[in-house]
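The values are calculated or read from the model by the stated rules, or taken from the named source; none is laboratory data. Keep in mind that this is a model prediction, so the values were computed, not measured. For neighbour counting, all protein chains shown are included, and Cβ atoms are generated from backbone atoms with ideal geometry for every residue, glycine included.
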Amino acid sequence: MKYSLVLVLFAYIYAAQAKVYFEEKFNDDSWEKNWIYSKHPGKEFGKFVRTAGKFFNNEEEDKGIQTSQDARFYALSTKFEPFGTEGKDLVIQFTVKHEQNIDCGGGYLKIFDCSLEPADMHGDSPYRLMFGPDICGPGTKKVHVIINRDGKNVLINKDIRCKDDVYTHAYTLIIHPDNTYEVLIDGEKVEGGELENDWELLPPKKIKDPKAKKPEDWDDRATIPDPDDKKPEDWDKPEHIPDPEASKPDDWDDEMDGEWEPPMIDNPEYKGEWAPKQIDNPAYKGPWVHPEIDNPEYTPVPDLYAQKEICGVGLDLWQVKSGTIFDNILITDDVEYAKQAIAGLKETQEGEKKAKEAIDKAEAEKAGTSSDDKKDGADDDEDDDDDEDADHEPQVVEDHDEL
């Protein structure tokens with residue numbers, strides 16, 4: 001009983017100490033007063049609009065801010081009361097909905113210290129953390145997790161795949177005070193580990209011994225040419241030979257056309273360049289491994305996780321095709337609060353899917369390509385195939401998936 005009371009008391013104290021540093025749900029138009037567009041010269045920045053998009057679960061609750069202009073940079077940020085993360089978890093969480101089926105563009109947040117000037121934010125503005133999805137073509141579909149240390153932006157050395165559909169997804173980064181981290185998508189852990197192992201934030205613990213060299217007599221060849229193997233006497237044959245079946249054309253004029261020569265063909269007897277067969281090397285010692293020593297430049301950092309000052313968050317993006325909706329931005333040290341903040345995500349996603357299916361169906365019917373029409377058309381194609389060539393291409397029904 002006493003043990004249970006201690007746990008309850010601990011939970012109560014933790015809850016009392018846990019703090020939400022910043023939360024933005026874009027519930028009304030007040031966001032336009034709190035967030036500042038950059039006026040950095042030389043860029044044509046796009047605008048955000050508050051909307052739930054074309055398909056949603058609950059129109060009012062699902063409203064966020066959406067990129068509204070194609071082929072634009074976006075630079076929008078806000079500041080809040082500064083805080084440090086010493087001895088605390090840091091949780092960064094937000095939702096992203098690429099309802100435009102994004103082809104190339106960012107969907108991430110940047111976290112700043114108090115040096116941020118919102119009206120001058122741009123791509124080179126220094127930041128503390130960058131986190132979120134980035135998509136560009138089929139080759140880039142990743143979650144960026146970048147940590148700034150000593151003025152250098154360091155990218156995680158793991159490949160974390162992001163969601164690439166058109167529905168709302170939640171991205172969560174948790175950095176713990178024991179120098180570990182977690183990345184969650186839709187509340188499910190997709191990556192985690194130690195900061196020191198997964199970023200090059202510190203010099204390596206070990207380095208190759210600069211005084212060590214591979215011995216001159218070290219043989220790392222697994223196989224060698226057989227010294228007893230000899231090239232057969234009949235091996236050398238020309239690669240090409242005159243075509244024995246070719247004959248000089250009747251109308252060939254040696255004076256006008258020059259001396260006739262038969263065309264060349266591949267020689268069926270050509271065996272290629274001869275090389276002795278390989279045998280196991282009796283002197284093989286295996287691959288030489290360079291000895292390592294402790295790196296004199298390495299010093300462990302117990303508080304590698306710590307951010308001394310955070311007081312700004314921004315969207316600093318480029319998008320080819322606009323339409324991404326950002327919402328539910330949260331910065332806290334309360335892991336449980338962050339979990340509860342996206343408790344209704346599954347319901348939101350299911351509602352979006354139903355709404356999109358209804359829109360797709362209406363669009364298809366308007367274009368005369370309902371599911372029944374498609375089926376009937378497929379049957380007609382099969383009948384036509386009986387009367388036409390087997391390689392006839394059936395008519396392709398226009399895809400109305402993109403809205």
Note to self: Being among the hydroxyl-bearing types (Ser, Thr, Tyr), touching a residue at least 12 places away in the same chain (Cβ under 8 Å) and assigned to a loop (DSSP other than H, G, I, E, B) is the filter here; which residues of the stretch 26-56 pass it?
What the structure shows: Ser38
Margin query: All but one of (1) at pLDDT below 95; (2) among the small types (Gly, Ala, Ser); (3) surrounded by fewer than 12 Cβ atoms within 10 Å (Cβ to Cβ); (4) at negative phi hold for Gly368; state the number of the condition that does not hold.
Written below: (4)
Note to self: Under 6 Å between Cβ atoms, which residue pairs at least 6 apart in sequence (or on different chains) link something in the stretch 352-366 that is over 22 Å from Thr95 (Cβ atoms) and free of Cβ contacts under 8 Å to residues at least 40 places away in the same chain with a partner that is assigned to a helix (DSSP H, G or I) and charged (D, E, K, R)?
What the structure shows: none
Notebook entry, point to check: Hey, which of the strands (runs of 3 or more DSSP E) in the stretch 141-213, taking only ones fully inside, have at least 3 residues that are in contact (Cβ under 8 Å) with a residue 40 or more places away in the chain and over 19 Å from Leu109 (Cβ atoms)?
Noted result: 206-208
Notebook entry, point to check: Can you tell me which residues in the stretch 177-218 are modelled with pLDDT of 95 or more, among the acidic types (Asp, Glu) and out of contact with any strand residue (DSSP E or B) (no Cβ under 8 Å at 6 or more places or on another chain)?
Noted result: Asp178, Glu188, Glu196
Item checked: Hey, Gln278 closer than 30 Å to Ser125 by Cα, of a type outside the set (Gly, Ala, Ser), in contact with a Ser or Thr (Cβ under 6 Å, 6 or more places away or on another chain) and at pLDDT 95 or above or not -> no
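Residue by residue, here is whether (1) assigned to a strand (DSSP E or B); (2) surrounded by fewer than 16 Cβ atoms within 10 Å (Cβ to Cβ); (3) in contact (Cβ under 8 Å) with a residue 12 or more places away in the chain holds:
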residue: Asn58; (1), (2), (3): no, yes, yes
residue: Ile65; (1), (2), (3): yes, no, yes
residue: Asp70; (1), (2), (3): no, yes, yes
residue: Tyr74; (1), (2), (3): yes, no, yes
residue: Ser77; (1), (2), (3): yes, no, yes
residue: Pro82; (1), (2), (3): yes, yes, yes
residue: Gln93; (1), (2), (3): yes, no, yes
residue: Lys97; (1), (2), (3): yes, no, yes
residue: Ser115; (1), (2), (3): no, yes, no
Check: Which numbered condition trips up Val166, out of (1) within 25 Å of Lys354 (Cα to Cα); (2) surrounded by fewer than 18 Cβ atoms within 10 Å (Cβ to Cβ)?
Finding: (2)
Check: Given the conditions (1) of a type in the set (A, V, I, L, M); (2) over 30 Å from Val301 (Cα atoms); (3) in a loop (DSSP other than H, G, I, E, B), which single one is not true for Ile224?
Finding: (3)
